[in-house]
1. Exactly one condition in (1) open to solvent by less than 40 Å² (accessible area, probe 1.4 Å); (2) assigned to a helix (DSSP H, G or I); (3) at pLDDT 95 or above is not met by residue 45; state its number.
2. Kindly establish whether residue 106 is in contact with a strand residue (DSSP E or B) (Cβ under 9 Å, 6 or more places away or on another chain), at pLDDT 95 or above and open to solvent by less than 20 Å² (accessible area, probe 1.4 Å).
3. Please go through (1) under 15 Å from the mean Cα position of the chain (by Cα); (2) open to solvent by 20 Å² or more (accessible area, probe 1.4 Å); (3) over 19 Å from residue 23 (Cβ atoms) for residue 123 and return the number of the only condition it doesn't satisfy.
4. When you scan the range 128-149, do you find a residue that is within 26 Å of residue 58 (Cα to Cα), modelled with pLDDT of 90 or more, open to solvent by 20 Å² or more (accessible area, probe 1.4 Å) and part of a helix (DSSP H, G or I), even just one?
5. Return yes when residue 92 is in contact with a helix residue (DSSP H, G or I) (Cβ under 8 Å, 6 or more places away or on another chain), at pLDDT 90 or above, farther than 20 Å from residue 218 by Cα and not acidic (Asp, Glu) and no when it is not.
6. Of all the residues that make up the range 200-232, how many are at pLDDT 60 or above and either open to solvent by less than 40 Å² (accessible area, probe 1.4 Å) or not basic (Lys, Arg) (or both)?
7. Return only the number of the condition from (1) open to solvent by 10 Å² or more (accessible area, probe 1.4 Å); (2) in contact with a Gly (Cβ under 7 Å, 6 or more places away or on another chain); (3) aliphatic (A, V, I, L, M) that residue 115 does not satisfy.
8. Output the residue which, of all residues in the range 189-199 that are at pLDDT 85 or above and out of contact with any strand residue (DSSP E or B) (no Cβ under 8 Å at 6 or more places or on another chain), is most open to solvent (accessible area, probe 1.4 Å).
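The values are calculated or read from the model by the stated rules, or taken from the named source; none is laboratory data. Computed from a predicted structure; not experimentally measured. Cβ: placed from backbone, ideal geometry, glycine included. Neighbour counts: every protein chain shown. We work out accessible area using only protein heavy atoms, side chains counted, and drop any ligands, DNA or RNA first. Shrake-Rupley method; radii C 1.70, N 1.55, O 1.52, S 1.80 Å.
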Amino acid sequence: MPLSSVPLWERPELRRITGGPLRPGGTALTQHAVRCAKLPAGSQILDIGCGLGTSMSTLREDCGMKPIGIDARFAQLQSTTDMDAQAQTVQAQAEALPFADASFDAVNCECVFSLVQDKVTCLREIRRVLRPSGVLLLSDLVLRTHQTTSQSQSTGQGCASRALDLPQTLEHLERTGFSLLLLEDHSRCLAELAAQLIFADCLPEEFRNTCCRPGYALLLAQTPSKEVHHEQ
C-alpha cells in the first residue's frame with residue numbers, strides 16, 4: 001500500500017514527530033479538558049477513537065479516570081493492548097456504541113468527530129451512553145468558513161475533508177440535546193503540528209490544497225440533569 005494512502009494518524013512518521021499523541025495539543029490538551037470539565041477522580045470515561053491508547057493512559061495515570069476505549073480498527077486496538085496491559089478496549093464504530101444507556105460520566109472525543117460520517121447519529125449515541133449531567137470533551141478541527149450541505153458531505157477520508165464549521169457543530173450539539181459549557185480556540189496547537197509536518201515533509205495533500213485553513217477547537221458539552229425528550 002502506498003504510504004500516501006495510509007491515514008496520517010496511522011503513519012509512523014507522525015508518531016516520531018509528536019512523540020506519541022496523534023493530534024494537536026497532545027496530552028496537555030487532554031489534561032486541560034479534564035480540569036475544565038471538573039471531573040472527579042474515579043469518573044468512568046469513554047475514549048472514542050482511542051487509537052494507540054495515549055489518551056487512555058493519560059486519563060488513567062495523570063487524571064485518575066477509569067477509561068474504556070473504542071476504535072473501529074482492530075490493528076489499532078491490538079497495538080494499544082500490546083503497549084498498555086491495563087487498557088480496556090472494544091472494537092466498535094462511534095455511531096453504534098456497544099454500551100448500555102447511562103454507562104459513563106464523560107466521553108472523550110479527540111480529533112475523531114471530524115472523521116465520523118454520520119455526525120448526528122454519533123452525538124445521539126454519545127448522549128445515550130452518558131449519565132445525566134454527563135460531559136462530552138470534544139476537540140477537533142473546525143472549518144473557518146461555512147460549508148454547504150454538499151461541501152460538508154465530502155468523500156475525502158481525512159479530517160480536513162470531513163470537518164464541519166463551528167456553527168454546524170454547535171447546531172448538531174443543540175439538536176441532540178447537549179448544552180455548551182465551554183468553547184476554546186486552540187488553533188495554535190494545530191499550527192504548531194502543521195509546522196512540524198511541513199518540516200518533516202509529510203503534510204497531507206488535503207491540507208496543502210484546502211481553500212481555507214481549518215482551526216482547532218475544544219468544546220465541553222453537557223447532557224441534561226434529568227432525561228428530557230428532544231427532536232430527533
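1. That leaves (2) as the condition not met.
2. Yes.
3. All conditions are met except number (2).
4. yes
5. No: the conditions fail for residue 92.
6. Looking only at that region, the number is 16.
7. Result: residue 115 passes all but (2).
8. 192
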